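These notes are about the structure you will find just below.
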Amino acid sequence: MRTPITLITGPLGSGKTTLLRHILATQREKIAIVMNEFGKIAIDTKVIEGKNVRIAELGGGCVCCSLLGEFEAAVNEIIGKIAPERIVVETTGLAEPEALVFNIQEALPQCRLDGVVSVIDADMLVRFPEIGHTTRLQIEGADILLLNKIDLVEPAQIEPLESKLHQINSTAEIIRTERCRIDPELLFGIGRETKIERPEHLHQPEFESFAFHSDKIFSRDCLEAFAAALPANVIRAKGFIRFADGTQLFNFVAGRWELEPFETDSTELVFIGKKVAAEKQAVLRALRECVVQNDEARMPNDEGMTKHE
């Protein structure tokens, strides 16, 4: 029997890792995860770790182009070593799924693509109604569209959003969710049979990322002011922030952010956006100003810039 693969895609910050956490918390199947992250620090992998699941990590690039060979190797290793009942692949929000779908179809005969689930951020779609090229491809290629974060928009705005998605993909089922809470059985067993031709695939070096690491303690009030003042071209930021009363998981998407308790010992953050190289030093300077001054841990440092190509 061929191992079913479910592909989870969607724009930056739409809720893909939240969906994955929900699946792992509710499913009894033997699941393996392949995670593709854009950035020097694998934040999402650290969020998922410890949940009794095998994770293969593809970092520092995009699985739909520069990491395709590593993806094939990771899947083959997972099947050979642990023989999972299902593989779930979470792509970076910058990935165009067609290339990955074709790769599964042509290069992994021991697997079958069960379905493509695209997570769409309702709030972002209201605030930024113009749909970009990559997001359009993520919508077009889906078998199921999760219209997530509906609690952040007005009820009257939801049906127009669904109509907009239907105009791009008339066959996908649209399911409304808050924090990606859904019965995972609705996502599995789709049995996708559609074959696709080799897509024309050319990514533009539009997005960049940089990372930050520190063992110091940060001021919560200062951090909240910092998040509120992030430049508009920082579209996504995520990671862990160490406060005096414990560490929090930080999720920032285009001006909205939230914190939730998370057990780890240090601050690690990744910032993603368009042409953020010019903002890097100012952002890190403002972040360092949030360090609690009487803490005697080592000085923070930052890591290099990664461009998406």
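Summary table below
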item	result
Carbon plus sulfur fraction of accessible area for segment 71-135, probe 1.4 Å, in percent	52
Peptide ranges 125-135, 7-17, 256-266 listed from the most packed, as the mean C-beta count within 10 angstrom indicates	7-17, 125-135, 256-266
Solvent exposure ordering (accessible area, 1.4 Å, most first) of Met1, Met124, Met35	Met1, Met124, Met35
Convex hull per residue volume in Å³, alpha carbons only, for segment 87-155	95
Whole-number accessible area per residue in Å² for segment 95-141, which is evaluated in the context of all protein chains at 1.4 Å	37
Whole-number accessible area per residue in Å² for segment 200-272, which is evaluated in the context of all protein chains at 1.4 Å	43
Charge context of Ala156, other residues only, Cβ under 15 angstrom, K/R +1, D/E -1	-3
Subset of Lys81/Lys238; Lys149/Lys238; Lys164/Lys275 violating a 27 Å alpha-carbon distance limit	Lys81/Lys238; Lys164/Lys275
Neighbour net charge for Leu259 - beta-carbon separation under 9 angstrom, K R +1, D E -1	-2
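The values are calculated or read from the model by the stated rules, or taken from the named source; none is laboratory data. Quick caveat, the model's predicted, so the values are computed rather than measured. Don't worry about glycine lacking a Cβ; one is built from the backbone with ideal geometry, like all the others, and counts go over all protein chains shown. The protein model used for the area step is the full one, side chains on, heavy atoms only, and it has no ligands, DNA or RNA in it. Shrake-Rupley method; radii C 1.70, N 1.55, O 1.52, S 1.80 Å.
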